[in-house]
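Peer 1: Have a look at this one before I ask anything.
The values are calculated or read from the model by the stated rules, or taken from the named source; none is laboratory data. Note that the structure is a prediction, hence the values are computed from the model and not measured. Here the Cβ is made from the backbone with ideal geometry for all residues, glycine too, and neighbour counts use every protein chain on show.
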Amino acid sequence: MTRDLDSTPPNQLRQKHVSRRTFVRTLSLGLGTIATGSLLAACTERDDSAEPVAVDDDEAEDPDDQDTDDVVAETDDEPADDAERPELVVGVQGIPETLDPYQHLSNVGTRVTYSIFDHLLERQFRDGDPPGTGAEIGPMLAESWERIDDLTLELQLREDVLFHDGSTMTAEDVKFTFERSLFDTPEEMLDAEGYVNTISEIEIVDDFTVRFHTHEPDPVLEMRLTSWATWILPKDYYESVGIDEFALDPIGTGPYRFVEIQPDNHLILEAFDDYWGGRPPVSRVTFRVIPEVASRVAAISTGEVDIITNVPPDQVETLEDADGVDVQTVPLANVHMLRYNTYYPPLDDQTLRQAMNLAIDRELLVETLWGGMAEVPRGHQFPEYGDMYNEERPRPEYDPERARELVEESDYDGEPIVFRVSPFYYTNGLEAAQAVIEMWNEIGLNAEVEVRDNPYDEGPEAIMVTNWSNSSFVADPDGALWLRWGEDYPGTREFFWEPEDERFYELGAEARTTLDEEFRFDAYQTMLDIFEEEAPGTVLYIPHEIYGIREGVNWTPYSFYYMDLRAHNLSEE
C-alpha cells in the first residue's frame, strides 16, 4: 500500500536568511542525526503473519535467526558442507515485488537477479582500473564466439550448464529467451524488447551452437549480450508455468536459487551447488529490506548484516568508526537525473524547462550532499564509452541570472510545479529534490516537493517532475542515451517526451546499425545537443556507490548495480 509521507508543508525547511550552501548542507546531514535504536528494532522484526509470495523450501530459515559469520573461502579439495559454509545477509533499501528479470529492469531488481540468472557473455568488471569498472567482454554461458559476417554472431555454448531444476541448458533455451522478448512481446516486457531489437533471428546450429542474426550491423551486439535484458531462461519450465507463475517462482542457471520472497521484507536464495562456475561460497543469501539509512548503518555496526547498500556520504565516518566494518566505494556508470513531463503544463514550455536546468547548482549538490564523492558529468555520457566519449563536452551550465530571464520570457504564470520523490529509492534522492526546489524558487518558480513511497502510484501521466537514474547498460551511448530516451523506450515516448527535432530518433536509429565509429560519435553528440536544447530533463551528478562491509567479507562492488556473489568475487580476506 502506498502512503503519502508528506505530512508537512513542502517548503518547511526553507529559511529566507540562510544561504543555499547552508540549506543544502543541512539537508545532507539530516539522516546522520536520526537515532538508530528504535528504528533498527522496528526494521528487523519479522511480520510472522505475512504470507510469502512463493516458497520452495518448507523449512526456510527466518532471516532474523541467521548467523552472520564472516564469509570464508574453500581451502580443501573436498567441498565444505552447509554447516561449514556461512550465510550472507545483505541490508538493502528495497527488493522487486517479483523476480522475472525482464519485468524489473531496475537498480533493486538487478542487484538480486544477478545471483539467479546468467548471461551468454560477461562484462569483466573486476579487471578494470579501479577494480569493478572493467568493460572488456569475457565468456559466461557461451564459452566462445565469433563474427561470421557483419550481420551474424555465432556462439558456442557450454555443455555443462544446469538450470536449478536439474535440466541442461541448450540452444533451445537461448532461442526461446530472445524470441520471448522480440516477437509478440508481452506488455510487461516492452522495456526489455528495446535492448535487443537489433536482432532479427536466433538460429540453432546444433544443441550447443547458436547464431544471432541482426537486421543491420550492430556495433555493440556482444556487449548487448552481457546486459540485464539478456538473462537466459528455461524454455520447458517457463512454458509449463507461464509468465505470472515464473515471476513468483523463477528458475535460472545462476549460483543461487530462489527460496522465498516477502515483498518489503526479505528475499532468500540458497546455494546451487551444481553451478557450472563453481560451488558458491555461502550456503544462503538473504536480502533484508531495511529502507531507513540509519537502520542499515546500525544493522551492520552490530553485526546483524554483512553488507549494506546505498550508504550516503554523511554516514561514511560513522561506519569507519564502527568496530569490524569496512567501507568500499565504486564510481557508478549511472547518472542521477531529473525527468520532466513535457505534456503536463506548464512543463510543456521548453523555455521554462531550460530555465529550470540553468537554476541548478550541481557542484553545490556534489559538495554538500555527497562530500565530493560524486561528479558532474559532461552531459548524458560516461567515460567508460571509450572512443565514444567526448571528454571536451562542457558540463551543464549554472546561470541563475539567465534562468530568471528565461522564466520571464516563458509563459509561466506562477502555477505550482510539483516534484514527486520517494524517500528511500535513491541515495540522497529526497535531499537533492528539496535542494533543487529551493534553487527553483529562487528564480521565481512556485515549486514544491511531494513525497511518495511510489511516485508512480497514480500512473506516470500524473507526474510533473521526478528523479530518475540512467545507467550505461552496454558501455556505449546506445546503452544509455538511446535506450532511455530513444524511440524504443515506451516510458519516455508515451508519457514524458517526444523530441520535436526528428534528427534525435533518426540519428539514434542509424548509430545503432552502423560500424562507422566516426559517424556514431558525431551522431551521439548531435543527439546530446538536441537533448540539452529541448530539455526533457537534466543530468545532476554521477555518484560513487558506497557499501558498508563487515571485516572478513572480501567482495568487490561493480560500477553497475549487479551484486556479484559468485566464488570469484566473494571469499575470505
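Peer 1: One residue is enough: does region 230-248 have a residue meeting the conditions surrounded by fewer than 21 Cβ atoms within 10 Å (Cβ to Cβ) and assigned to a loop (DSSP other than H, G, I, E, B)?
Peer 2: There is no residue in region 230-248 that is surrounded by fewer than 21 Cβ atoms within 10 Å (Cβ to Cβ) and assigned to a loop (DSSP other than H, G, I, E, B).
Peer 1: Is one or more of the residues making up region 256-267 among the basic types (Lys, Arg), within 27 Å of Pro423 (Cβ to Cβ) and either touching a residue at least 40 places away in the same chain (Cβ under 8 Å) or not assigned by TED's automatic domain parsing to the domain that holds Gly94 (or both)? I'd like the intermediate steps shown before the answer.
Peer 2: Filtering region 256-267 for residues among the basic types (Lys, Arg) gives 257.
Among the residues that remain, those that are also within 27 Å of Pro423 (Cβ to Cβ) are: none.
Checked region 256-267: no residue is among the basic types (Lys, Arg), within 27 Å of Pro423 (Cβ to Cβ) and either touching a residue at least 40 places away in the same chain (Cβ under 8 Å) or not assigned by TED's automatic domain parsing to the domain that holds Gly94 (or both).
Peer 1: Same structure again: Is at least one residue of region 210-226 surrounded by 23 or more Cβ atoms within 10 Å (Cβ to Cβ), under 30 Å from Leu430 (Cβ atoms) and of a type in the set (A, V, I, L, M)?
Peer 2: Scanning region 210-226, I find no residue that is surrounded by 23 or more Cβ atoms within 10 Å (Cβ to Cβ), under 30 Å from Leu430 (Cβ atoms) and of a type in the set (A, V, I, L, M), so the answer is no.
For (1) modelled with pLDDT under 95; (2) surrounded by 16 or more Cβ atoms within 10 Å (Cβ to Cβ), each residue gets a yes or a no:
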{"position": "Gly372", "(1), (2)": "yes, no"}
{"position": "Glu384", "(1), (2)": "yes, yes"}
{"position": "Ile417", "(1), (2)": "no, yes"}
{"position": "Glu431", "(1), (2)": "no, yes"}
{"position": "Ala447", "(1), (2)": "no, yes"}
{"position": "Asp478", "(1), (2)": "yes, yes"}
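Peer 1: Could you give every pair whose Cβ atoms fall below 6 Å, whose first residue belongs to region 339-363 and is outside any helix (DSSP H, G or I), and whose second residue is among the charged types (D, E, K, R) and modelled with pLDDT of 95 or more, counting only separations of at least 6 or pairs across chains?
Peer 2: Within 6 Å, the pairs are Tyr340/Arg353; Thr342/Asp348; Pro346/Glu415; Asp349/Asp411.
Peer 1: Might you let me know whether region 520-527 holds any residue that is hydroxyl-bearing (Ser, Thr, Tyr), closer than 26 Å to Glu136 by Cα, under 22 Å from the mean Cα position of the chain (by Cα) and surrounded by 22 or more Cβ atoms within 10 Å (Cβ to Cβ)?
Peer 2: Within region 520-527, the subset hydroxyl-bearing (Ser, Thr, Tyr) is 524, 526.
Next cut, closer than 26 Å to Glu136 by Cα only: 524.
The next check asks that each one be under 22 Å from the mean Cα position of the chain (by Cα); those that pass are none.
No - not one qualifying residue is present in region 520-527.
Peer 1: Report the residue count in region 253-274 for those that are in contact with a Lys or Arg (Cβ under 8 Å, 6 or more places away or on another chain), under 21 Å from Thr168 (Cβ atoms) and part of a loop (DSSP other than H, G, I, E, B).
Peer 2: The total comes to 3.
Peer 1: I would also like to ask the following. Report whether or not Phe504 is more than 24 Å from Thr226 (Cα to Cα), outside the structural domain of Val293 (by TED's automatic domain parsing), hydrophobic (A, V, I, L, M, F, W, C) and surrounded by fewer than 17 Cβ atoms within 10 Å (Cβ to Cβ). Show your work before the answer.
Peer 2: On the way: more than 24 Å from Thr226 (Cα to Cα): yes; outside the structural domain of Val293 (by TED's automatic domain parsing): yes; hydrophobic (A, V, I, L, M, F, W, C): yes; surrounded by fewer than 17 Cβ atoms within 10 Å (Cβ to Cβ): no.
Considered against the rule, which asks whether it is more than 24 Å from Thr226 (Cα to Cα), outside the structural domain of Val293 (by TED's automatic domain parsing), hydrophobic (A, V, I, L, M, F, W, C) and surrounded by fewer than 17 Cβ atoms within 10 Å (Cβ to Cβ), Phe504 comes out as no.
Peer 1: Separate question: Quick one: Glu172 ticks every box in (1) under 19 Å from Asp488 (Cβ atoms); (2) surrounded by fewer than 18 Cβ atoms within 10 Å (Cβ to Cβ) bar one, so which box is it?
Peer 2: Here Glu172 meets the rest and fails (1).
Peer 1: Where in region 78-142 are there strands (runs of 3 or more DSSP E), lying wholly inside it, with at least 3 residues that are not β-branched (Val, Ile, Thr)? Explain how you work it out, then say what you get.
Peer 2: Details: elements: 87-92, 121-123, 137-139.
Once the strands (runs of 3 or more DSSP E) in region 78-142 are filtered for at least 3 residues that are not β-branched (Val, Ile, Thr), what remains is 87-92, 121-123.
Peer 1: When the residues of region 170-217 are narrowed to those that are farther than 20 Å from Thr253 by Cα and small (Gly, Ala, Ser), which ends up modelled with the lowest pLDDT?
Peer 2: Here the answer is Gly194.
Peer 1: Still on this structure: Go through the residues of region 345-366 one by one and say whether even a single one is of a type in the set (Lys, Arg) and surrounded by 19 or more Cβ atoms within 10 Å (Cβ to Cβ). If you could, list the steps in order and put the result at the bottom.
Peer 2: Here is the first cut: in region 345-366, the ones of a type in the set (Lys, Arg) are 353, 362.
Subset that is surrounded by 19 or more Cβ atoms within 10 Å (Cβ to Cβ): 353, 362.
Yes.
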